[in-house]
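*Asks:* Here it is: the structure, laid out below.
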There are 2 protein chains.
Amino acid sequence: MRASKYFISSLKEAPSDAEIVSHKLMMRAGLIKKLSAGIYNYMPMGLRVIRKIENIIREEMNRAGAIELSMPVVQPAELWQETGRFDKMGDELLRLKDRHQRDFVLQPTSEEVITDIVRQEIRSYRQLPKNLYQIQTKFRDERRPRFGVMRGREFTMKDAYSFHTNFDDLKREYQNMFDAYSRIFTRLGLEFRAVAADTGAIGGTGSHEFHVIAETGEDAIAYNPDSAYAANVELAEAVAPATTRPTASAALTKVHTPGAKTIEQLAAFLKIDASQTIKSVIVDGDAGVPVLLLLRGDHELNEVKAGKLAGVFSPLRFASPATIRDAFGAEPGSIGPIDFQGKVYIDRSAAVLADAVIGANENDYHYTGANIGRDFPEPEVADIRNVVAGDPSPDGQGTLAICRGIEVGHIFQLRTKYSEAMNCKFIAEDGKEQIMEMGCYGVGVTRIMGAAIEQNFDDKGIIWPVSIAPFEVVICPMGWSRSEEVRKQCEQLYNALQAAGIDVVLDDRDERPGAMFADWELIGVPHRVVIGDRGLKEGVMEYQGRRDAEATKVAVGEIEAFVKGLFA
Amino acid sequence: MRASKYFISSLKEAPSDAEIVSHKLMMRAGLIKKLSAGIYNYMPMGLRVIRKIENIIREEMNRAGAIELSMPVVQPAELWQETGRFDKMGDELLRLKDRHQRDFVLQPTSEEVITDIVRQEIRSYRQLPKNLYQIQTKFRDERRPRFGVMRGREFTMKDAYSFHTNFDDLKREYQNMFDAYSRIFTRLGLEFRAVAADTGAIGGTGSHEFHVIAETGEDAIAYNPDSAYAANVELAEAVAPATTRPTASAALTKVHTPGAKTIEQLAAFLKIDASQTIKSVIVDGDAGVPVLLLLRGDHELNEVKAGKLAGVFSPLRFASPATIRDAFGAEPGSIGPIDFQGKVYIDRSAAVLADAVIGANENDYHYTGANIGRDFPEPEVADIRNVVAGDPSPDGQGTLAICRGIEVGHIFQLRTKYSEAMNCKFIAEDGKEQIMEMGCYGVGVTRIMGAAIEQNFDDKGIIWPVSIAPFEVVICPMGWSRSEEVRKQCEQLYNALQAAGIDVVLDDRDERPGAMFADWELIGVPHRVVIGDRGLKEGVMEYQGRRDAEATKVAVGEIEAFVKGLFA
């Protein structure tokens, strides 16, 4: 591609509504252009990235034996009424009427339509299993669309649906898709993790999310660097400490702790580590009476886990200050378990503490030397905290680390949720009708573009993985209009790289070097070759990788082989 | 592809709502599946065809220098209000509201959005010209969707829009797109014609339709087999005959013509050729009085041309029987120009007749030997008929032929219609602001699939052009489960053809030969190789092209080279 013939549109400043780095850089580099809230034009430079992402997904889905089709964006309400989703789904499902006042929806996914196709087309176990997918426009009418393509309203998704005669075969295909997704994200050049997305067994088989790792990710992920274990922090088990509780050695002593409202203030005041304190969290119970949850001072309550405890109101609701004063006779910050008559749970890690610090149920007072069983009854032990880095891994191998991720894929064993509602049956080998087992497998195509940037950028702009870069190599001439020799050398290299199938752009816009370099660094082209008269006099060109701090001089006669070598 | 792993779904009978051959065959071959009126799932086999069509279009658009982007399906009403189309367009424009009750439309085309992009992104003449295109889902809420993908509601279209500093540059790009479209339809393997779509100069530069030639096409096209001239029959000029009117030789004679209401009946009764008669058509005039149009009996009135005549009500409206009786004193069928006092037009071809037969304005009577100028005044001469095969070509070279076509592409010089309404300006070389000139260029991607079938089918099914066939070659084993040697030979050829980049399908479903052949003939795979034990004993396999009446025996050792040779 010649830059002069292309559509390049870079901005110095991102628009003010761009909050996150990927959104800002996509707008500045001219990859997308806002049309309406959460609705974007994919500009030429951005569409190149999207097409490369789509192609990698398509190749790996095909390789895994899935079959591509395409289902309409506009879908009749009847099918959505069969599963109840037409009424049950909130305003995210955009409903519309055609000229005859018939109800339709814009597809947010296509479980209903694919199940309708399969129940008509597939009759026999001999036609199963089948995995059908599409790469198609989706619409979700988000209440507050934001973050550019990360949480847009109109977006592109690859959605696949598999159909099976039995659960074992669904599990086999689920693993097949798990492997295909791993290949997809590997080929996309992204650091990613497959994360167990339910609270089932370790390595939970029912559902996995695929996350692109990025510091700016909205989800915290606990993972084991030495194994495949990974789970959303909300779902990762904090295993019981291997140690047992030491014998009590200190006497229960009430101390004045003026102004120490938080664990940090308390630990600083007493000059102890927060891990020596037990904090009290009071939540509403089922029965209208509060429930007390005890955790090590340095740990965080996990609301998902706590919400599932017997007797606790679900979803979890923190007790009001009035309820707390009523039940404990003190303000939050000085609360503790001694003399509390209601239900008490203690986290596994807090349960092994001895000689701890607890609230005294008297404003500005705490106890030191508090001991479970001696000073207050043994509470019920439960896993109610978020895991932290260094916790033992639930798979028994090594310890956990914590990272942040952006969900870009989700695989799910639907089982018979849709096939039962829509009567999607087959004739089994024994001649009897059976409901099909189903799986579904989604990848956010346009979201990957954002996630890739969140993982790969610097203060100059985007740093694309080569596999999805809009262009792989840019040739930057110094003085395009000035030097015939520069033009000749540029054209020669351009033609040679094109002939080798490399996606190369020649910047023939005759821009000044500063502006030209800034554009391509912002756009994030991985490889750059600079050709100028000064270098040519020395017999060299300058190569610089997008992550390189400095350029490398390469002899004119070797540049072609050098660049091709980068792709070998 | 192995057929057993793919989704093949053929039907013996087409559903009853399929009226035309392409719709029937697409349903029977499992290319599409109806979801709602005018809304279809593109099934795996059909999507393969669509992707091949898209790729050819994309390659040729890129080669022509156009740049791909993608605009949203859901577009805000504001832009459509700027051009007035939000209100002016009928119910074909599907309007909807999001959760915040804001107005949106589903894109039927994207003139508004592309003009909005360009007016923001392009400032200077130095950035022009640009031609931007997308291949994207469109929606038109047809009142009566029918003919499958030929007149659907949701469909895929390639729409391109070009922007220019001046009209000459628009005309240059228009020609560039004309050439690109010619390459596209040539590569698609379709017989097509570019047809002038306005009444402008010969070879009209303002707008061309591209038609796939098919007997079942909805448009009649007049073309010159020896030149590039082609036009919709409604628009093709019927040039004046080179001959002049002979001298009158017969006397005006009233004859009784009982029951001769039509020209056919009249000519049969008088034992003359219809071309010796002049028929009278009465239409409403502007002034409330009827206007008489005279044509040669064997010619058809062209309503578009007649509607443009001075004094004729537009759009053309035939006079009521009562009006006719009132003005002529006879029923339609016996009407003529003698003694008629109103305005009379005569077609160029009728104007050179002498001694003609005309209606006598008396029921069941006609005149023979009628002569213009002698028996009634010279009417105003005009071109008011449809051309017929054998007419001289308006470009002065040879004669016209007539064929039928299906419109699959349309190129159009929009000029400043949208750019003016939306204030899409650039800074010209002289520093002044100017409105951009625009062109637009559409191709109906899914419609091409239907048109290709209308042009290429027989009683067994579809006959795809190789370039868009879902598969290029099918290997049909005789006794897949029975013969190890057959399987071995099939696999070997399958692997060899795949390695050569040929899109081959191996039918490993173990179907009976009759059912297997019927499936692939219905689906329309262009090349078939049959491998069976009987042939292998003789050392041969059987090749048959989809249009071949009989199979050709090819030696086992030569089959690979033979099939590859078909693609050379």
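The values are calculated or read from the model by the stated rules, or taken from the named source; none is laboratory data. These numbers come from a predicted model, not from an experiment. Here the Cβ is made from the backbone with ideal geometry for all residues, glycine too, and neighbour counts use every protein chain on show. Heavy atoms of the whole protein, side chains included, go into the accessibility calculation; ligands, DNA and RNA do not. Shrake-Rupley method; radii C 1.70, N 1.55, O 1.52, S 1.80 Å.
*Asks:* Go through segment A:287-306 residue by residue and tally those that are open to solvent by 10 Å² or more (accessible area, probe 1.4 Å) and modelled with pLDDT of 90 or more.
*Replies:* Number of matching residues: 7.
*Asks:* Here's another thing I want to ask about it. Go through segment B:156-193 and report how many residues are β-branched (Val, Ile, Thr), farther than 29 Å from B:Val73 by Cβ and within 23 Å of the chain's Cα centre (by Cα).
*Replies:* Matching residues across segment B:156-193 total 1.
*Asks:* Conditions first: (1) open to solvent by 40 Å² or more (accessible area, probe 1.4 Å); (2) closer than 30 Å to B:Phe147 by Cα; (3) touching a residue at least 24 places away in the same chain (Cβ under 8 Å). B:Asp87 passes all but one, so which condition is the exception?
*Replies:* The single condition B:Asp87 does not satisfy is (3).
*Asks:* For segment B:10-40, which positions are among the hydrophobic types (A, V, I, L, M, F, W, C) and free of Cβ contacts under 8 Å to residues at least 40 places away in the same chain?
*Replies:* Listed by number, the residues that qualify are B:Leu11, B:Ala14, B:Leu35.
*Asks:* Right, next: Evaluate the following for B:Val466: is it outside the structural domain of B:Val113 (by TED's automatic domain parsing) and either β-branched (Val, Ile, Thr) or touching a residue at least 60 places away in the same chain (Cβ under 8 Å) (or both)?
*Replies:* Criteria met by B:Val466.
*Asks:* Looking at this structure, is B:Val344 crowded, with 21+ Cβ neighbours inside 10 Å, of a type outside the set (Gly, Ala, Ser) and over 30 Å from B:Ala230 (Cβ atoms)?
*Replies:* In short, no.
*Asks:* Let me confirm something: among B:Leu497, B:Leu536, which residue is touching a residue at least 40 places away in the same chain (Cβ under 8 Å) and over 20 Å from B:Lys5 (Cβ atoms)?
*Replies:* Every option except B:Leu536 fails the conditions.
*Asks:* Condition first: farther than 19 Å from B:Arg140 by Cβ and hydrophobic (A, V, I, L, M, F, W, C). Now tell me which residues in segment B:21-42 satisfy that.
*Replies:* B:Val21, B:Leu25, B:Met26, B:Met27, B:Ala29, B:Leu31
*Asks:* Related question: Name the pairs whose Cβ atoms lie under 6 Å apart, with the first residue in segment B:212-235 and in contact (Cβ under 8 Å) with a residue 40 or more places away in the chain, the second acidic (Asp, Glu), and 6 or more positions between them or separate chains?
*Replies:* Hits for this filter: B:Ile213/B:Glu191; B:Ala214/B:Glu454; B:Thr216/B:Glu454; B:Ser227/B:Asp395; B:Tyr229/B:Asp395.
*Asks:* Taking segment A:252-277 only, how many residues are touching an Asp or Glu at 6+ places or on another chain (Cβ under 9 Å), at negative phi and outside any helix (DSSP H, G or I)?
*Replies:* 9
*Asks:* Related question: Going residue by residue through segment A:535-545, is there one that turns out to be under 27 Å from A:Lys24 (Cβ atoms), surrounded by fewer than 17 Cβ atoms within 10 Å (Cβ to Cβ) and at pLDDT 95 or above?
*Replies:* Looking through segment A:535-545, at least one residue is under 27 Å from A:Lys24 (Cβ atoms), surrounded by fewer than 17 Cβ atoms within 10 Å (Cβ to Cβ) and at pLDDT 95 or above.
*Asks:* Tell me yes or no: at least one residue of segment A:432-439 is touching a strand residue (DSSP E or B) at 6+ places or on another chain (Cβ under 7 Å), on the phi > 0 side of the Ramachandran plot and either surrounded by fewer than 19 Cβ atoms within 10 Å (Cβ to Cβ) or assigned to a loop (DSSP other than H, G, I, E, B) (or both).
*Replies:* Checking segment A:432-439: not a single residue is touching a strand residue (DSSP E or B) at 6+ places or on another chain (Cβ under 7 Å), on the phi > 0 side of the Ramachandran plot and either surrounded by fewer than 19 Cβ atoms within 10 Å (Cβ to Cβ) or assigned to a loop (DSSP other than H, G, I, E, B) (or both).
Results for (1) surrounded by fewer than 21 Cβ atoms within 10 Å (Cβ to Cβ); (2) of a type in the set (D, E, K, R); (3) in contact with a helix residue (DSSP H, G or I) (Cβ under 8 Å, 6 or more places away or on another chain), shown as yes or no for each residue.
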residue: A:Val74; (1), (2), (3): no, no, no
residue: A:Glu92; (1), (2), (3): yes, yes, no
residue: A:Arg102; (1), (2), (3): yes, yes, yes
residue: A:Asp116; (1), (2), (3): no, yes, yes
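*Asks:* Which of the residues belonging to segment B:356-383 are touching a helix residue (DSSP H, G or I) at 6+ places or on another chain (Cβ under 8 Å) and open to solvent by 40 Å² or more (accessible area, probe 1.4 Å)?
*Replies:* Across segment B:356-383, the qualifying residue is only B:Val381.
*Asks:* Okay, moving on. Would you mind stating whether B:Asn62 is free of Cβ contacts under 8 Å to residues at least 24 places away in the same chain, within 12 Å of chain A (Cβ to nearest Cβ), under 30 Å from A:Lys34 (Cα atoms) and buried (at least 16 other Cβ atoms within 10 Å of the Cβ)?
*Replies:* The answer is no for B:Asn62.
*Asks:* Just one of A:Tyr161, A:Tyr125 is open to solvent by less than 10 Å² (accessible area, probe 1.4 Å), out of contact with any Pro (no Cβ under 8 Å at 6 or more places or on another chain), farther than 29 Å from A:Ile453 by Cβ and more than 12 Å from chain B (Cβ to nearest Cβ); which is it?
*Replies:* A:Tyr161
The rows are residues; the columns are (1) part of a loop (DSSP other than H, G, I, E, B); (2) among the hydroxyl-bearing types (Ser, Thr, Tyr); (3) more than 9 Å from chain A (Cβ to nearest Cβ).
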{"position": "B:Tyr40", "(1), (2), (3)": "no, yes, no"}
{"position": "B:Gly46", "(1), (2), (3)": "no, no, no"}
{"position": "B:Ile53", "(1), (2), (3)": "no, no, yes"}
{"position": "B:Arg58", "(1), (2), (3)": "no, no, yes"}
{"position": "B:Leu79", "(1), (2), (3)": "no, no, no"}
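*Asks:* Can you report the number of residues in segment A:128-137 which are more than 8 Å from chain B (Cβ to nearest Cβ) and under 22 Å from A:Lys171 (Cα atoms)?
*Replies:* 5
*Asks:* Hey, among A:Glu429, A:Glu511, A:Glu484, A:Glu521, which residue is of a type in the set (D, E, K, R), in contact with a Gly (Cβ under 8 Å, 6 or more places away or on another chain) and open to solvent by 10 Å² or more (accessible area, probe 1.4 Å)?
*Replies:* After ruling out the rest, the residue left standing is A:Glu521.
*Asks:* Test of understanding: among B:Ala561, B:Ala568, which residue is of a type in the set (A, V, I, L, M), closer than 24 Å to B:Glu54 by Cα and surrounded by fewer than 16 Cβ atoms within 10 Å (Cβ to Cβ)?
*Replies:* B:Ala568
*Asks:* Looking at A:Cys476 and the list (1) touching a Lys or Arg at 6+ places or on another chain (Cβ under 7 Å); (2) open to solvent by 20 Å² or more (accessible area, probe 1.4 Å), which single condition is not satisfied?
*Replies:* Evaluating A:Cys476 over (1) touching a Lys or Arg at 6+ places or on another chain (Cβ under 7 Å); (2) open to solvent by 20 Å² or more (accessible area, probe 1.4 Å) leaves (2) as the failure.
*Asks:* So which of B:Phe210, B:Phe178 is assigned to a strand (DSSP E or B) and either open to solvent by less than 70 Å² (accessible area, probe 1.4 Å) or closer than 26 Å to B:Gly396 by Cα (or both)?
*Replies:* Result: B:Phe210 is the single residue among B:Phe210, B:Phe178 that is assigned to a strand (DSSP E or B) and either open to solvent by less than 70 Å² (accessible area, probe 1.4 Å) or closer than 26 Å to B:Gly396 by Cα (or both).
*Asks:* Scan segment A:284-310 residue by residue and report those that are under 21 Å from A:Ile372 (Cα atoms) and in contact with an Asp or Glu (Cβ under 9 Å, 6 or more places away or on another chain).
*Replies:* A:Pro290, A:Val291, A:Leu293, A:Leu294, A:Leu295, A:Arg296, A:Gly297, A:Asp298, A:His299, A:Leu301, A:Leu309
*Asks:* Still on this structure, please answer the following. Name the single residue that is farthest from B:Gly409 (Cα to Cα) among those in segment B:81-113 being β-branched (Val, Ile, Thr) and within 11 Å of chain A (Cβ to nearest Cβ).
*Replies:* Here the answer is B:Val105.
*Asks:* Take the residues of segment B:1-31 that are touching a strand residue (DSSP E or B) at 6+ places or on another chain (Cβ under 6 Å) and facing chain A (nearest Cβ under 10 Å): which is least open to solvent (accessible area, probe 1.4 Å)?
*Replies:* This residue is B:Phe7.
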